[in-house]
Amino acid sequence: MKFYLGSDHAGYKTKEALQKYLVKKGIETIDLGAHDEGRVDYPDFAEKVAKMVAKDKDSFGLLVCGTGIGMSIAANKVKGIRAANPFNTKTAALAREHNNANVICLSGRMYKDSDAKQILGAFLKAKPSKLVRHVKRIKKISKLEKK
């Protein structure tokens, strides 16, 4: 398993903590920035990570900004990306199970790093559902990208 990581200034510290968490679990990480807390624009990092995940089909993305919302909006503009902004462990698991999310977008300001680790952990443990209704919905999302 491989994760491409990105953050803006507001998510930098949380991204760093989550990278250590992933590495400790034996997961390969590639940090695409930001590399400090200097002010930057989150869409730049959302684009970098999303393009790498779209190209590297077996990979995942982790994006962190102030809320995770801006990152998810920007990342979802890249074809092939299903970025989710879960707010707890249940929504993180459902993002993988029901939506086959390949990018998780978290907040650097709304909760503690320990909560972010739990949310990411739930995302990691979950597997995409093979139920026909969920597979059908993912195919419909892919069709939207072609319009």
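The values are calculated or read from the model by the stated rules, or taken from the named source; none is laboratory data. Keep in mind that this is a model prediction, so the values were computed, not measured. Cβ coordinates were reconstructed from backbone atoms using ideal geometry, including for glycine residues, and neighbour counts include every protein chain displayed. SASA here: full protein model, heavy atoms, side chains in, ligands and nucleic acids out. Shrake-Rupley method; radii C 1.70, N 1.55, O 1.52, S 1.80 Å.
In the neighborhood of Tyr21, defined by Cβ-to-Cβ distances under 14 Å, what is the net charge if each Lys or Arg adds +1 and each Asp or Glu adds -1?
Result for the neighbourhood of Tyr21: +3.
Which one of Gly121, Gly80, Gly38 has the biggest mean-square fluctuation once the chain is modelled by GNM with Cα springs under 10 Å?
Top of the fluctuation ranking is Gly38.
Could you please report the charge total around Phe45, scoring K, R as +1 and D, E as -1 over all other residues with beta-carbon less than 15 angstrom from its beta-carbon?
After counting each charged neighbour, the total is -2.
Of all accessible surface on region 1-72 at a 1.4 Å probe, what whole percent is carbon and sulfur?
50
How about Lys77: which lysines have a C-alpha closer than 22 Å to its C-alpha, ignoring those fewer than 8 places off in the same chain?
Partners within reach: Lys2, Lys15, Lys48, Lys51, Lys55, Lys57, Lys136, Lys139, Lys140, Lys143, Lys146, Lys147.
Please work out the average accessible area per residue across the chain, using the 1.4 Å probe convention, and give it in Å².
So the chain comes to 55 Å² accessible per residue, rounded to a whole number.
How large is the accessible surface of Asp44 in square angstrom, using a 1.4 angstrom probe and rounding to the nearest 10?
Surface accessible to solvent at Asp44 totals approximately 80 Å².
Based on alpha-carbon centroids, what's the gap between region 1-50 and region 80-98 in Å, whole number please?
Answer, in whole Å: 18.
Calculate the radius of gyration of the Cα atoms of the chain to one decimal place, then report Dmax, the largest Cα-Cα distance, as a whole number, both in Å.
14.1, 46
Under the Karplus relation 6.51 cos²θ - 1.76 cosθ + 1.60, θ = phi - 60°, what is the ordered set of whole-Hz ³J(HN,Hα) values for region 49-55, x standing for Gly and Pro?
Rounded to whole hertz, the list is 5, 4, 5, 5, 5, 4, 7.
What does the charge add up to near Asp8, with Lys and Arg as +1, Asp and Glu as -1, over the other residues with Cβ less than 10 Å from its Cβ?
-1
Placing unit charges on C-beta atoms (Lys and Arg positive, Asp and Glu negative, everything else neutral), compute the dipole magnitude of the chain about its Cα centre in debye, rounded to 20.
For the chain, the charge dipole is close to 1080 debye.
Who wins for biggest fluctuation among Ile119, Ile69, Ile30 in a Gaussian network model of the chain, springs between alpha carbons below 10 Å?
Evaluated over the chain, the most mobile residue of the options is Ile30.
Relative contact order for region 39-147 using alpha-carbon pairs under 8 Å, separation at least 6, rounded to a whole percent?
Answer for region 39-147 is 26 percent.
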